[in-house]
Amino acid sequence: MKTRKYETLLIARPEFEKEQIEDLVKRLSERIERNQGKLLEVSDWGLRKLAYPIRLRGEKFFYGRYLLLVYGGTGRAVKELEDYMKLIDDTFRFNSYVVSEEAPTMDQAEPVWREEVVPELRLRDDGEGLEVIEPSKQRKLSKEDLYRPKAAEKPAVVEAGETPAKAAAEAQSAAIPGQAAPSETSAPEPVKPESASENDDSKEE
């Protein structure tokens, strides 16, 4: 197969520190070299807010660590790399494409690392076009800002001698402070319709 120059843009977990990013890149580089490829450059775009939340195994991510890998190899190297990223939880989005049909020079010992601040495009508040904003240089955010664990709903426990309707009402009152739970006998009695004989007597009077 023909050797080409490829780029793969991937999104890694937002809480990764520098050592974890280096370990991830090392593992990805090994997958490329298995098919006579070579990792040439690594561009760290830093922590960026996602255009939309991404769910992954019960977690909802709002931020991601963007990395751009530049490497030489064949189509098998690209497939090996992408198949590996599908199996691990360290990355949750990626996209690969051909940069050049010509084979790059692959005689360097280690890949070149770059840290780049890439401006982001955002829709203006008035809806009239796009605006360029600089990404935040603050890379350490709280766990709640990076992603939110999926909340598991616990079913209400029904005690012995208690109806499901009463248990649901008590659970609702507990969720809203200051609101008492409605009792089972608090429902108003239905209004009885007047009989036909009473209507006739009223007409005669």
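With a cut-off of 11 Å between beta carbons, the residues surrounding LEU81 carry a summed charge of +1, where Lys and Arg count +1 and Asp and Glu -1. Annotation: extensible slack from GLU19 through ARG34 equals 3.1 nm (criterion: 0.36 nm per residue apart, minus Cα-Cα distance).
Each of the peptides 2-8, 38-44, 100-106 was scored by the mean count of other Cβ atoms within 10 Å over its residues; in descending order, highest first, they stand as 38-44, 2-8, 100-106. Over region 1-126, Cα pairs under 8 Å with separation of 6+ residues give a relative contact order of 42 percent.
Note on GLU59 and ILE88: their simple-model spin labels are 1.4 nm apart, each label 7 Å out from Cα toward Cβ.
Since every read-out is calculated from the coordinates, none of them should be taken as a lab result. Bear in mind the structure is a predicted one, so any value in this text is a computation, not a measurement. Neighbour counts run over all protein chains shown; Cβ positions are idealised from the backbone, glycine included.
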